[in-house]
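The next block holds one structure in the form of structure tokens; read it before the comments.
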Amino acid sequence: MRAFKLIFRPEKCKGCELCRSVCPKGVIGMASQVNAKGYHPACAVNQEACIGCQSCALMCPDGAIAIYQLEEGDQ
Ligand code: SF4
Ligand code: SF4
């Protein structure tokens, strides 16, 4: 089974939650701490469920999300 890793750039995030709203697997949540801009940035709360559909990254207006497919043995 393919596995994916989400990389967030919390310093670019404005906490709009668009990524969370489009994720079909409930992978994304909002961090309890705030970033330098005072927003609660998006983060992965259920990384294992990610199917790599890219919807979150495409939806993000600030390019704050990247998705990588893990090779066997990757963390
Ligand atoms: S790639 Fe798809 S499944 Fe994975 S976190 Fe983004 S929207 Fe959710
Ligand atoms: S869509 Fe982008 S800016 Fe909006 S909460 Fe998600 S990561 Fe942050």
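Just so it is clear, none of the values below were taken in a lab; they were calculated from the coordinates. Predicted model only: the values in this text are computed from it and were never measured. Every residue, glycine among them, receives a Cβ derived from its backbone with ideal geometry; neighbour counts consider all protein chains shown.
Remarks
- Filtered residues of the range 55-66 (kept if more than 23 Å from residue 1 (Cβ to Cβ) and either of a type in the set (S, T, N, Q) or part of a loop (DSSP other than H, G, I, E, B) (or both)): 60, 61, 62, 63, 64
- Test for residue 69: is it in a strand (DSSP E or B) and of a type outside the set (A, V, I, L, M): yes
- Residues of the range 47-57 that turn out to be more than 11 Å from residue 23 (Cα to Cα) and either near ligand 1 (Cβ under 9 Å from one of its atoms) or surrounded by 15 or more Cβ atoms within 10 Å (Cβ to Cβ) (or both), as a count: 1
- Residues of the range 12-28 satisfying the condition of being within 17 Å of residue 62 (Cα to Cα) and either among the small types (Gly, Ala, Ser) or loosely packed, with under 12 Cβ neighbours inside 10 Å (or both): 15, 21
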